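Novice: Questions regarding the structure given below will be posed in turn.
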Amino acid sequence: CAVLDNQSVECWGWNSNQQSSPPTNLGPVQNVSAGREHTCALLEDQSVVCWGLDSEGQSSPPSNLGKIAAISAGDYFTCALLEDQSVECWGRNNYGQSIVPTGLGAVSKITTGREHSCALMGDQSVECWGQNTFNQLAVPSGLSSVIGIEAGSAHTCAVLDNKSVECW
């Protein structure tokens, strides 16, 4: 999926659960995140709309989210970074990927993989939770000065302020 210049969404590819068919009259979109068989859009008013498969509640955001700064759709779950720098997740939770750790603190970016979630913290460190079968939660010891993160299916990568990349 892509957000176009006119703030609409265009999706393509597999569409078995209508995940590639954005709702009509979606409104101005800031960002979009495609998960497994569902898609979520962050709207201009800082709310979120999701569509596609909802078998685990991944397309049904909680009604009391408040203002959202960013979204990330994973494998049957979704996480949102709220304006107050907290994180809320919903949907599948078979590995704890939707349970935000207590006392997480101020988050600047959220990313989701297949069954894990990671947050870039305000102090440029990284916190991850969920499935750890392939050590995707094993943030390298001493990792610091992180300016970007992205989770893959069973791994996570961080961009450091010196523009180098660390993956685990």
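Novice: Among the chymotrypsin sites (Phe, Trp or Tyr not before Pro) in the range 1-54, which ones are in a DSSP loop with at most 12 other Cβ atoms within 10 Å of the Cβ? Mind listing them?
Specialist: Loop-located and lightly packed - Trp12, Trp14.
Novice: Could you give me the ³J(HN,Hα) list for the range 148-156, computed from phi with Karplus coefficients 6.51, -1.76, 1.60 and θ = phi - 60°, whole Hz, x at Gly and Pro?
Specialist: For the range 148-156, the Karplus curve yields x, 9, 8, 9, x, 4, 9, 8, 9 Hz.
Novice: Using a 1.4 angstrom probe with every protein chain in place, what is the largest-first accessible-area order of Lys163, Lys109, Lys67?
Specialist: Lys163, Lys67, Lys109
Novice: Quick check on the chain: take the gyration tensor over C-alpha atoms, sort the square-rooted eigenvalues as a ≥ b ≥ c, and tell me if it's rounded (a/c under 1.5), prolate or oblate.
Specialist: Since a/c reaches 1.5 and a/b is larger than b/c, the shape of the chain is classed as prolate.
Novice: Let me ask you something else. Provide the solvent-accessible area of Glu44, counting protein heavy atoms only and rolling a 1.4 Å probe, rounded to the nearest 10 Å².
Specialist: 100
Novice: Using a Förster radius of 30 Å, what is the FRET efficiency between Ser141 and Leu104 based on their Cβ-Cβ separation? Nearest 0.05, please. Show your work: numbers first, answer last.
Specialist: Numbers: r = 20 Å, r/R0 = 0.65.
For R0 = 30 Å, the calculated efficiency reads 0.95.
Novice: Can you give the local net charge around Gln58? Use residues other than it whose beta-carbon is closer than 9 angstrom to its beta-carbon, Lys and Arg +1, Asp and Glu -1.
Specialist: -2
Novice: OK, next. Order 25-31, 93-99, 139-145, 77-83 from most to least packed using the mean count of other Cβ atoms within 10 Å.
Specialist: 77-83, 93-99, 25-31, 139-145
Novice: Okay, next question. What shape does the range 9-69 have by the C-alpha gyration tensor, where a ≥ b ≥ c are the square roots of the eigenvalues, rounded means a/c under 1.5, and otherwise prolate means a/b greater than b/c and oblate the rest?
Specialist: Oblate, since a/c reaches 1.5 and b/c is not below a/b.
Novice: Let me ask something additional. Relative to a virtual label point 7 Å from the Cα of Ser55 in the Cα→beta-carbon direction, which members of the range 3-35 show backbone nitrogen distances below 18 Å?
Specialist: Hits in the range 3-35 for Ser55 at 18 Å: 14-21, 35.
Novice: Put a dot 7 Å past each Cα toward the Cβ at Asn25 and Asn93; how far apart are the dots in nm?
Specialist: 3.3
Novice: Could you look at the range 57-112 and say what percent of its accessible area is carbon and sulfur, using a 1.4 Å probe and all protein chains?
Specialist: 47
Novice: For the chain, with every protein chain kept in place, what is the accessible area per residue (1.4 Å probe, Å²)?
Specialist: 48
Novice: Counting alpha carbon pairs within less than 8 Å and at least 6 residues apart, what relative contact order, in whole percent, applies to the chain?
Specialist: 12
Novice: Now for a separate question. Quick one: length gained pulling Glu10 to Thr133 fully straight, 0.36 nm per residue minus the C-alpha distance? Present the calculation step by step, with values, prior to reporting the outcome.
Specialist: Values: separation 123, 0.36 × 123 = 44.28 nm, distance 3.43 nm.
Computed gain between Glu10 and Thr133 is 40.9 nm.
The values are calculated or read from the model by the stated rules, or taken from the named source; none is laboratory data. Because the structure is a prediction, the values reported are computed rather than measured. Neighbour counts are summed over all protein chains in view; Cβ atoms, including those assigned to glycine, are modelled from backbone coordinates with ideal geometry. Protein only, heavy atoms only, side chains kept; ligands, DNA and RNA dropped before computing areas. Shrake-Rupley method; radii C 1.70, N 1.55, O 1.52, S 1.80 Å.
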